[in-house]
Structures are given as structure tokens and as C-alpha cells.
Amino acid sequence: MGRQLRVVARRWDQLGSRDPLWAALTYPSRSGRRWEAAEFLRTGRHEVDAMLALLTHRGARPVPGTALDFGCGPGRLTAGLVAAGFSRAIGVDISPTMLAKARELVPDPRCEFVHNTDPRLSGIPDRSVDLVYSCRVLQHMPTALAHSYVREFYRVAAPGAVAVFQLPSEPVPGVVHAVLALVPAPVLSRLRRGMQMHGTPPAEVTRLVADAGGVTVSIEEDTSAGPRWQSRLYITRAAGCPGGAPNPWP
């Protein structure tokens, strides 16, 4: 796993050097450093608001204490979490160039950016986080490494905390998938600008969550992996849910 981690780190540090905002949110019209910083950060707030509204609908809105943004990149969602009411947000990333951009874009003292080069979240204490959120991140990691981090989500989660993460399940069947399956891996990597895609079937994800000490609340259809992959958003809770606790949100 150490070699896989080094490959991932090198790839994302290169992307962070070239075009960090586009690498975090790959809108075709924003490639070539065409994201405007304020617009980029607004998308983070909108995504966090939508995610929290969904959690409310599913009866899983978390305590607005400490949030963890796993794979934070330039801090788009980290900033969105404190803007939405969390008292503290920790952005974790493997890329120093991405973290340097995050600290430039998001000087808010409520946001902390942590460099992590371990298959565990070694800098985050046990049972210390009220919400874990990760989107468009695990899909770019080899499966074993992605699953290692999912297990870590439940170690750092406080009792009853919420962990929300996105993972593709499988490629969308069709002609495009059949053609891409014939393309050599190095060529495909170049076509994807170094962004590999990896999926995990939902049944395997729910087993992973249960084995790590979590409970799956709901599995939502998701489009974050793009049109060529079927993707899911997993809403889960760590063990020890304080049932009947009052809603701390206005």
C-alpha cells in the first residue's frame, strides 16, 4: 500500500501544481486555470448546503461541531463547512501543492489544513469528529487504499457522528466503456490527465461500513463520478447514536 500511496501523492501534487482548482472540480469550461476563486468557493458552500439538507431529510443531521473534509484539495468544501455553521473544519489532503492553495484561498482560522501521507488518518484523534465528508476523492484511489480510509472514518468519528462519502460502483455499460476497456492503462491515464477511476459495488461498501463499526442510513444516487460511471453517496453513522437528541440546528 505504501507504493500505491506514493503514486497517488505524486499524481495529485502534479495536478495541484498545474491547475489545482480545476483538478478539484473538473468543469470543462474551467480547465486551464479559468476558475475564479470566489466562484469556486461558492460551489463548496452550495454543495455543503445540499448535503446537509439531504441529511436532515434522512434524519441524520450531525452536531455542528468539528467536521472533517477528507481529500480537501484547495479547501472548497472545508470553507463551505464552516460557512454552513460548523465551529471547526479540518481539511486533510495528500498533496502539499493542494494544501498550499487551500491555505491561500481559505485563511479562516476555523479551518485547519493537514498534510497526511499515511494510509491511516494518523493526525486525527479517535472519536473527535462530528461529520466526515468526502466526495470525488476515494474514486481516484486504488480500492484497497480507499477502503483503508473508509475504515478510518469510523475510528475518528465521535459516537453517533455522521460519515458521508461518495464512491462509484461500476462503469456504465455501453459502447464507450467497451472501447475504453481496450485502451492500455498508461494511455488511459494520460487521457484522464492522471485521474484514475476505481469502483466498489454497494454491497461491498455496506459490508465495509458495518465491519468498521458504522451503520448505513441510506444509499443515494449520485452523479459526481461523471456520465461514464454509476456512483453512490453513502450516508452512514458511527456506532453509539444518541437517539432522541435535540436538533442543534436552527
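Points worth noting:
- Residue among 136, 127 that alone is modelled with pLDDT of 95 or more, part of a loop (DSSP other than H, G, I, E, B) and under 14 Å from the mean Cα position of the chain (by Cα): 136
Conditions (1) within 20 Å of the chain's Cα centre (by Cα); (2) farther than 14 Å from residue 102 by Cα, marked per residue:
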position: 6; (1), (2): yes, yes
position: 10; (1), (2): yes, yes
position: 13; (1), (2): yes, no
position: 19; (1), (2): yes, no
position: 22; (1), (2): yes, no
position: 27; (1), (2): yes, yes
position: 32; (1), (2): no, yes
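- Annotation note: of 89, 102, 67, the sole residue that is in contact (Cβ under 8 Å) with a residue 60 or more places away in the chain and of a type outside the set (Val, Ile, Thr) is 67.
- Qualifying residues in segment 94-147 (those that are surrounded by fewer than 21 Cβ atoms within 10 Å (Cβ to Cβ) and hydroxyl-bearing (Ser, Thr, Tyr)) - the one nearest to residue 205 (Cα to Cα): 143
- Test for residue 205: is it on the phi < 0 side of the Ramachandran plot and at pLDDT below 95: no
- Scanning segment 94-114 for residues that are of a type outside the set (Val, Ile, Thr) and touching a strand residue (DSSP E or B) at 6+ places or on another chain (Cβ under 7 Å) returns 96, 99, 102, 103, 110, 111, 112, 113.
Okay, residues lined up against (1) in a strand (DSSP E or B); (2) out of contact with any strand residue (DSSP E or B) (no Cβ under 7 Å at 6 or more places or on another chain); (3) modelled with pLDDT under 95; (4) closer than 26 Å to residue 50 by Cα:
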residue	(1), (2), (3), (4)
148	no, yes, no, no
170	yes, no, yes, yes
178	no, yes, yes, no
190	no, yes, yes, no
193	no, yes, yes, no
198	no, yes, yes, yes
227	no, yes, yes, yes
245	no, yes, yes, yes
250	no, yes, yes, yes
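- Looking only at residues of segment 28-57 that are of a type in the set (Val, Ile, Thr) and surrounded by 14 or more Cβ atoms within 10 Å (Cβ to Cβ), we find that the one that is nearest to residue 86 (Cα to Cα) is 48.
- Hits in segment 63-110 (condition: part of a loop (DSSP other than H, G, I, E, B) and under 13 Å from residue 129 (Cα atoms)): 63, 64, 65, 86, 87
- Condition broken by residue 60, with the remaining ones in (1) in a loop (DSSP other than H, G, I, E, B); (2) within 18 Å of residue 105 (Cβ to Cβ); (3) in contact (Cβ under 8 Å) with a residue 60 or more places away in the chain satisfied: (2)
- Where residue 55 falls short, out of the listed (1) under 25 Å from residue 239 (Cα atoms); (2) outside any loop (DSSP other than H, G, I, E, B); (3) touching a helix residue (DSSP H, G or I) at 6+ places or on another chain (Cβ under 9 Å): (3)
- Considering residues of segment 201-225 that are more than 15 Å from the chain's Cα centre (by Cα) and in a loop (DSSP other than H, G, I, E, B) only, the residue nearest to residue 159 (Cα to Cα): 213
The values are calculated or read from the model by the stated rules, or taken from the named source; none is laboratory data. The structure presented is a predicted model; accordingly, all values stated were derived computationally and were not measured. All Cβ positions, glycine included, derive from the backbone under ideal geometry; neighbour counts span all protein chains shown.
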